[in-house]
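Undergrad: Have a look at this one before I ask anything.
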Amino acid sequence: MKHVISIDDFNIQQLERLFRLTDQIRQSPEQYASSLAGKVIATLFYEPSTRTRLSFEAAIQRLGGKVISTENARELSSAVKGERLEDTIRVVEGYSDAIVLRHYEDQAAEIAAEVAQVPVINAGSGAKEHPTQALLDLYTIYSIKGKIDGLTYVVSGDLRYGRTVHSLVKKLAHYSNVRIYGLSRPELALPQEYVEYLKQRGVSYSSCISFDDVPSTVDVIYHTRTQLERMGTNGKEIAEIIIDQQVMNRFGENTILMHPLPRNQEIAMEVDEDQRAVYFQQSRNGMYVRMALLHTLFER
Ligand code: NCD
């Protein structure tokens, strides 16, 4: 594997291997403390980030590598002087052994990978993809439920602009007997290309507008924030779908509640105390999954 541009870059076997390695790294991190010895990795972020950048940087350091970073490349890098992404990548690859890139354009990771001689890892590209988030989301499901096949999922919130949902549903479509409910305001429904993709792969997808339309036995609820930054002022008029304790009470004890974070009001704080809310565990898993990914990428 060279670049990580899309969740499509991973087949189910590769994911299984990655998840087993993640388990091992969680158990014995010291065994991997020099996997990236002598490597310098660049984190090049053109959009805000807390979890993705810091968990990548923590992962690199815990594997014995070093980090160079621009956390606000949109305003503080030579992009302000009009430098093209292609040129920035050609320069940064001269300093580093891999580039972790987050960018506001849907095609940014592909463009970077075309010119880069070192691996490019997509840490979020526009509204399109967030493959490493999907890795940690799938790992979280696998580690709690013991499987990804045969489960019923609700993806909810902003299904239109939420890149984490796009990467996640694309890969869920490759597992067997998966059923997905898409719960959103009509304006934020899952784009047709993903609905078609699910249909082609024989996944049952139902679009709905209320938690009343969803069975109380669902295995996973994956809720998301309205991506206001991708829709100008119109977004403010779209009422948020809120999960509070009353909504959670509709579901059984085995329904887990996930969220990529950051959250606004779409999950009430009171829900944090509910054992079924796993979003902080999910974000912690991000560091270990990224350690496994980086270890694999540099394995000889
Ligand atoms: C997500 C993203 O950047 O797409 N955040 C993350 O990486 N955990 C989700 C979001 O911003 O809503």
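Undergrad: Within segment 28-40, identify whether any single residue is touching a residue at least 24 places away in the same chain (Cβ under 8 Å), under 23 Å from residue 263 (Cα atoms), hydroxyl-bearing (Ser, Thr, Tyr) and buried (at least 18 other Cβ atoms within 10 Å of the Cβ), and answer yes or no.
TA: no
Undergrad: What pairs come out if I take residues in segment 66-94 that are of a type in the set (S, T, N, Q) and pair them with residues that are surrounded by 15 or more Cβ atoms within 10 Å (Cβ to Cβ) and outside any strand (DSSP E or B) whose C-beta lies under 6 Å away, six or more apart or interchain?
TA: Close Cβ pairs (under 6 Å, with a partner that is surrounded by 15 or more Cβ atoms within 10 Å (Cβ to Cβ) and outside any strand (DSSP E or B)) amount to 70/77.
Undergrad: Taking the criterion of being out of contact with any strand residue (DSSP E or B) (no Cβ under 9 Å at 6 or more places or on another chain) and of a type outside the set (D, E, K, R), would at least one residue in segment 66-78 satisfy it?
TA: Yes, that holds for at least one residue.
Undergrad: May I ask you to say which residue of 157, 182 is crowded, with 24+ Cβ neighbours inside 10 Å and at pLDDT 95 or above?
TA: Only one candidate passes the filter, namely 157.
Undergrad: To continue, here is another question. Which one of these is at pLDDT 95 or above and surrounded by fewer than 13 Cβ atoms within 10 Å (Cβ to Cβ): 94, 65?
TA: 94
Undergrad: If you check residue 214 against the conditions, is it over 23 Å from the mean Cα position of the chain (by Cα), surrounded by 19 or more Cβ atoms within 10 Å (Cβ to Cβ) and hydrophobic (A, V, I, L, M, F, W, C)?
TA: So residue 214 passes the test.
Undergrad: When you scan segment 228-236, do you find a residue that is part of a loop (DSSP other than H, G, I, E, B), within 16 Å of the ligand (Cβ to nearest atom) and of a type outside the set (Asp, Glu), even just one?
TA: yes
Undergrad: Further question on the same structure: Here is a check on your reading of the model: is residue 149 more than 16 Å from the ligand (Cβ to nearest atom), at pLDDT 95 or above and either hydrophobic (A, V, I, L, M, F, W, C) or under 24 Å from residue 254 (Cβ atoms) (or both)?
TA: yes
Undergrad: Output the number of the condition that residue 61 fails; it satisfies all remaining conditions of (1) within 21 Å of residue 135 (Cβ to Cβ); (2) touching a strand residue (DSSP E or B) at 6+ places or on another chain (Cβ under 9 Å); (3) in contact (Cβ under 8 Å) with a residue 12 or more places away in the chain.
TA: Only one criterion is unmet by residue 61, namely (3).
Undergrad: Same structure again: I need a count of the residues in segment 289-298 that are within 15 Å of the ligand (Cβ to nearest atom) and not aliphatic (A, V, I, L, M).
TA: Residues flagged as within 15 Å of the ligand (Cβ to nearest atom) and not aliphatic (A, V, I, L, M) within segment 289-298 amount to 1.
Undergrad: Restricting attention to segment 157-183, which residues are in a loop (DSSP other than H, G, I, E, B), under 19 Å from residue 129 (Cβ atoms) and not hydrophobic (A, V, I, L, M, F, W, C)?
TA: If the condition is that a residue be in a loop (DSSP other than H, G, I, E, B), under 19 Å from residue 129 (Cβ atoms) and not hydrophobic (A, V, I, L, M, F, W, C), then 157, 158, 160, 161, 162, 174, 175 are the ones that fit.
Undergrad: Going by the conditions given, is residue 143 more than 11 Å from the ligand (Cβ to nearest atom), part of a loop (DSSP other than H, G, I, E, B) and of a type in the set (Ser, Thr, Tyr)?
TA: Taking the combined requirement at face value, the residue does not satisfy it.
For every residue, the table says whether it meets (1) more than 16 Å from residue 242 (Cα to Cα); (2) more than 16 Å from the ligand (Cβ to nearest atom).
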site: 159; (1), (2): no, no
site: 172; (1), (2): yes, yes
site: 181; (1), (2): yes, yes
site: 204; (1), (2): yes, yes
site: 207; (1), (2): yes, yes
site: 210; (1), (2): no, yes
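Undergrad: How many residues does segment 244-286 contain that are assigned to a helix (DSSP H, G or I) and either surrounded by fewer than 19 Cβ atoms within 10 Å (Cβ to Cβ) or away from the ligand (no atom under 12 Å from the Cβ) (or both)?
TA: 12
The values are calculated or read from the model by the stated rules, or taken from the named source; none is laboratory data. These numbers come from a predicted model, not from an experiment. Cβ: placed from backbone, ideal geometry, glycine included. Neighbour counts: every protein chain shown.
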